[in-house]
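Below: one structure, written as structure tokens.
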Amino acid sequence: MSLRELAWRVTARELESSLEEEKGGGERPVAHVLSPFGARMNRVLVAGTLAPAEPIGRDDPPTFWRSRLTDPTGAVAVTAGGFQPRAMAQLRAVPVPRPSIVVGKVHLYRGRDSVAYVSVRAEAVRAVAEGEERAALADIARQSLDRLDLLERLEKEPAVTDETLVRSGAPRPWVVAARDALRRYPNVDRAAFRRELRSVVRRVAGDSGPVVSPGPPPPTVRVTRDPPPAPPRPAPTPAERQDESVFLDLVDELAENSVDGYADLQDLLERIAQRGVGGDRAESTLNRLEEGGVIEEPIVGKLRRAS
Amino acid sequence: MPDEAAAPTIPEVRLRDLRPSAGPVEILARVVAFQRREVTLRSDGSRRPLLSGLLSDGTATIRFTWWDPPAEGIERGTVLRAVGVEIGEFRGRPELSFTWRTRVAPASPAELPKVDTEENPVRPVAELRPSDEGFRAEVRVVRVAARTVSVGEERRVVHEGLVADASGTIALSAWSDFGLKAGEAVRIAGGYVRGFRGRPQLVLDERTTVVRLDRTDLPDPAQVLRAPPRSIAEVEDEGGGAAVALDGMVVGLAPPSGVVYRCPTCRRPVSAGVCRLHGQVEGVADLRARIVLDDGTGSATVAAGREVTERLWGVTLAEALRRLKEQPDPTLIAEQMLEALLGRRLRVRGPASRDDFGLTIVPESIDPVDVDLAATADELAARLGG
């Protein structure tokens, strides 16, 4: 089935918070960017103030343009290249910051520093009257809230079936997205996001739009944030705890008897192997203890208890 | 040739009980509708006549194809006994085919199974599926209008409309005049259901009986025709509906949109100057738009014809053709159309069906949707708690 992907109504903040991706399978794979707030996005509809575009790359004439869309919650990069000639023309036609609606595909790029960059590759861009921008933001705020309510319900009733949710009016794609969001982002402050939606509602009510500095946009649009939260480590098993305590006893023993006060790693591994904790098991015990901040290796090959 | 004595007892089967996997069967049924045509065989290019249509025995109505049929003697209403009928399957429903192996002979209507339509169960319209028969429906006529259509060579009047009960709405087409009027409650017995443009349609023919009812508990026409919009996801989940309302925003246009050329005889789109049915033709210009409407829960294609497209776009076919003459690039027309439509909020009413490409709605009405920003902001602020 090659069903058209729906356009999720989202804020810049929700896009900025999206760090997880799901690659599709099959002949024509469809990738989805998962948000912590219950969107499973391939295509999105965003509204806000669109800044004039800047060319990217060294091609002459430029074949790739980037702009920035600012809404009351944040900003997101909007790009268009030669494969979207119409969107590119529309993006280039923005002379001064203007209220706009953008429909496009979400891209998640993770740099080497594991910082995630989200951008929207425009399929269609339209400058709109302020009233239309506010109406689009009203949709965005309402649907963001509806999705948060759905997440809350799922958290309270984890056993509820999809059919029950759908019968009570939840759109089926939202149910799928909500389950993904809870699984992939177990520890996210959704209440804070809910509070941020107030700024969108104030804009719907008629407060002035986000302040966009006139003049050229900054040279690059960087959406930086903390690396994704590490999945919670499973609690060590009793056997692992046993290995850890054997390990620590040896560290203490070797350190006490050494000249420099460190336990030599080579000695340690030999001794612990004699006690039946060898190879991978010793290695992983060491890693656990180091990551847990129990021991440290200030000099390569020399261990001690962390201070 | 199979030895006649070797297959003496092929069981006579009621159409209701046909299963696609079963072997050849004997059936006894009435021809409800049929048309003749010729197909060109891919193997040797020869032409072969066939007759196809619907058969009914009062328990179900089923499509059938008759290869190399007799040149005459088949009428609407003819009762046939056929032995050695092959059962095939099309989209999950059984279909019959009469091949060179099948022996067909006329039979008497008196031989048909006795089905007292007044004893059939009353079924909710939302549950009716193509080829269903042997039920009664108690419904309100939401609307009905007569239309003349050509069936083969023949011109016939068909009364088309919409009927509803508490479970839902279904399209109706009556091939006899039952004097149906919008607003009245009726019990329909002896009708059958066929698939029409991806939706079930309740068909009434000369065997059907209609009784007026005094019922106040059936939905009234205004309720059906002015029902509030529902989410696209929900309508998609249900596979469409005979009368649905969708609210959404225009997020794109699906091809083909813009100026298209149609066969002057059948109005099918012409591709490279060739009509699928009528060969080389001089295409007639037309304007259409396949609008992608999206409400954030799903998307639907609105199949807009010329009149709706002209009204929404604000550009007539004549103007579009003039622009095309100036700049002979059809994609430009589609782009200009999208620029005018993108982001527009529309409420679309009409029948909607779902296929492999998603939900398609044929608009009976399209209206702009205005948003009361102040009221919406208040409502959202209240939900957010100050």
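A:ARG66 - would you say it is in contact (Cβ under 8 Å) with a residue 12 or more places away in the chain, touching an Asp or Glu at 6+ places or on another chain (Cβ under 8 Å) and within 14 Å of another protein chain (Cβ to nearest Cβ)? Against the criterion (in contact (Cβ under 8 Å) with a residue 12 or more places away in the chain, touching an Asp or Glu at 6+ places or on another chain (Cβ under 8 Å) and within 14 Å of another protein chain (Cβ to nearest Cβ)), A:ARG66 does not qualify.
Among the conditions (1) more than 10 Å from chain A (Cβ to nearest Cβ); (2) closer than 21 Å to B:ILE291 by Cα, B:VAL369 misses just one, which is (1).
When residues in region B:75-103 are screened for being surrounded by 12 or more Cβ atoms within 10 Å (Cβ to Cβ) and in contact with a Gly (Cβ under 9 Å, 6 or more places away or on another chain), 13 of them pass.
Among the residues examined, A:ALA192 qualifies as loosely packed, with under 11 Cβ neighbours inside 10 Å and of a type in the set (A, V, I, L, M).
Return the residues of region A:273-293 that are in a loop (DSSP other than H, G, I, E, B) and either surrounded by 14 or more Cβ atoms within 10 Å (Cβ to Cβ) or of a type in the set (A, V, I, L, M) (or both); say none if nothing qualifies. Within region A:273-293, A:VAL277 is the sole residue that qualifies. Any residue in region B:150-162 that's under 13 Å from B:SER176 (Cα atoms): show its pairings with residues that are aromatic (Phe, Trp, Tyr) at Cβ separation under 7 Å, as long as the two are six or more apart or on different chains. Final answer for the pair search is B:ARG156/B:TRP175; B:VAL158/B:TRP175. Among the residues of region B:328-357, those identified as within 8 Å of chain A (Cβ to nearest Cβ) and of a type outside the set (Asp, Glu) are B:LEU338, B:LEU342, B:GLY343, B:ARG345, B:PHE357. Among the candidates B:THR316, B:THR297, B:THR360, the residue that is within 14 Å of chain A (Cβ to nearest Cβ), modelled with pLDDT of 95 or more, surrounded by 13 or more Cβ atoms within 10 Å (Cβ to Cβ) and more than 30 Å from A:GLU196 (Cα to Cα) is uniquely B:THR360. Among the residues that make up region B:283-306, is at least one of them without any contact (Cβ under 8 Å) to a residue 12 or more places away in the chain and at negative phi? Within region B:283-306, none of the residues are without any contact (Cβ under 8 Å) to a residue 12 or more places away in the chain and at negative phi. Screening A:ARG121, A:ARG153, A:ARG183 for residues that are more than 10 Å from every other protein chain (Cβ to nearest Cβ), farther than 20 Å from B:GLU236 by Cβ, touching a Lys or Arg at 6+ places or on another chain (Cβ under 6 Å) and surrounded by fewer than 19 Cβ atoms within 10 Å (Cβ to Cβ) leaves exactly one candidate, A:ARG121.
The values are calculated or read from the model by the stated rules, or taken from the named source; none is laboratory data. All values derive from a computational prediction rather than experimental measurement. Cβ: placed from backbone, ideal geometry, glycine included. Neighbour counts: every protein chain shown.
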